[in-house]
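Here's the structure we're looking at; comments come further down.
The values are calculated or read from the model by the stated rules, or taken from the named source; none is laboratory data. In this text the structure is predicted, and so the values were computed from the model without any measurement. Ideal geometry is used to build each Cβ from the backbone, glycine not excepted, and the neighbour counts take in all protein chains shown. Surface areas here come from the heavy atoms of the whole protein model, side chains and all, with no ligands, DNA or RNA. Shrake-Rupley method; radii C 1.70, N 1.55, O 1.52, S 1.80 Å.
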Amino acid sequence: MLTDPGHLLLFVAASVAIVGLPGPNILYICTRSMTQGTAAGLVSALGVETGTLVHALATAFGVAALVSAQPWALEALTLLGAGYLAHLGARSLAEARSTDRADGTAASTHRLPRVYGQGVLVNLLNPKVMLFFLAFLPQWVSDGATGAQARTEMLVLGTITFLLGLVMDLAYASAAGALGHRLPTRALTGRSAKYTVAAVYFGLAIATVLT
């Protein structure tokens, strides 16, 4: 498969079509950019796609298949993911009630490592991403490929998907950040921003459980 340019081009096109569709990860990234600044959105995108790369590695080395074979493991991962998003929402609510407008977006630029780590966890604790890779990548492995060859091809394919996702997420983050700067009087800053972020987190937590 990797030596067939036409087949590889089809894989890239399919990946762009699937990964580029707006979904929970993109909503999360855009919310960060619009309410905490472009830097926070870009770092969130990097964190989310780091989680994507881990999911791809887990698929290539068979870890995802082991987890998916255990319904209780998928349920536990789903609840952990939803609980973590709810935790982020609760933290944003607490900050909204205790902060003043002077905090604004400046404070977020000093916590970019935390923003990155949160992005990683948001994606890692989403079993739907793992199941997507488990269903998607093997379809593009060469016919008859097994063992090391199949694993190598899935690693390459997973890396391509990661890079495509990263480019698109960074583009979404940049666009959302630019839009946020154009909003009248920077409405999505300070306390109002934290309420907005909290609402998004709680919504994503509910969607994680129900979908």
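Mind telling me which of the residues Arg191, Arg186 ends up being modelled with pLDDT under 85, more than 20 Å from the chain's Cα centre (by Cα), open to solvent by 60 Å² or more (accessible area, probe 1.4 Å) and farther than 24 Å from Val54 by Cα?
Of the residues listed, the single one that is modelled with pLDDT under 85, more than 20 Å from the chain's Cα centre (by Cα), open to solvent by 60 Å² or more (accessible area, probe 1.4 Å) and farther than 24 Å from Val54 by Cα is Arg191.
Go through (1) modelled with pLDDT of 90 or more; (2) open to solvent by 30 Å² or more (accessible area, probe 1.4 Å); (3) of a type outside the set (A, V, I, L, M, F, W, C) one by one and return the number of the condition Asp103 breaks.
Checking Asp103 against (1) modelled with pLDDT of 90 or more; (2) open to solvent by 30 Å² or more (accessible area, probe 1.4 Å); (3) of a type outside the set (A, V, I, L, M, F, W, C), the one that fails is (1).
Listed here are the residues, each with its yes/no results for (1) modelled with pLDDT of 90 or more; (2) open to solvent by less than 60 Å² (accessible area, probe 1.4 Å); (3) part of a helix (DSSP H, G or I); (4) in contact with an Asp or Glu (Cβ under 8 Å, 6 or more places away or on another chain).
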| residue | (1), (2), (3), (4) |
| --- | --- |
| Gly6 | no, yes, yes, no |
| Phe11 | yes, yes, yes, no |
| Leu57 | yes, no, yes, no |
| Ala76 | yes, yes, yes, no |
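One residue is enough: does segment 139-161 have a residue meeting the conditions among the charged types (D, E, K, R), part of a loop (DSSP other than H, G, I, E, B) and open to solvent by 10 Å² or more (accessible area, probe 1.4 Å)?
Yes.
Checking Ala86 against (1) crowded, with 18+ Cβ neighbours inside 10 Å; (2) farther than 16 Å from Leu210 by Cα: exactly one of these is not met. Which one?
Ala86 satisfies all of (1) crowded, with 18+ Cβ neighbours inside 10 Å; (2) farther than 16 Å from Leu210 by Cα except (2).
Scanning for something open to solvent by 60 Å² or more (accessible area, probe 1.4 Å), in a helix (DSSP H, G or I), at pLDDT 90 or above and within 27 Å of Pro127 (Cβ to Cβ), does segment 20-34 turn up at least one residue?
yes
Does Ala82 count as modelled with pLDDT of 90 or more, over 17 Å from Ile26 (Cα atoms), in a helix (DSSP H, G or I) and out of contact with any Lys or Arg (no Cβ under 7 Å at 6 or more places or on another chain)?
Against the criterion (modelled with pLDDT of 90 or more, over 17 Å from Ile26 (Cα atoms), in a helix (DSSP H, G or I) and out of contact with any Lys or Arg (no Cβ under 7 Å at 6 or more places or on another chain)), Ala82 does not qualify.
Taking only pairs six or more apart or across chains, which ones have beta-carbon atoms under 7 Å, a first residue in segment 54-81 that is farther than 26 Å from Arg151 by Cβ and among the hydroxyl-bearing types (Ser, Thr, Tyr), and a second residue that is modelled with pLDDT under 90 and open to solvent by 40 Å² or more (accessible area, probe 1.4 Å)?
Sorted first by the residue in segment 54-81, then by its partner, the pairs are Thr78/Val209.
Identify, by number, the condition in (1) β-branched (Val, Ile, Thr); (2) farther than 24 Å from Asp4 by Cα; (3) surrounded by fewer than 19 Cβ atoms within 10 Å (Cβ to Cβ) that Val122 doesn't meet.
For Val122, the exception is condition (3).
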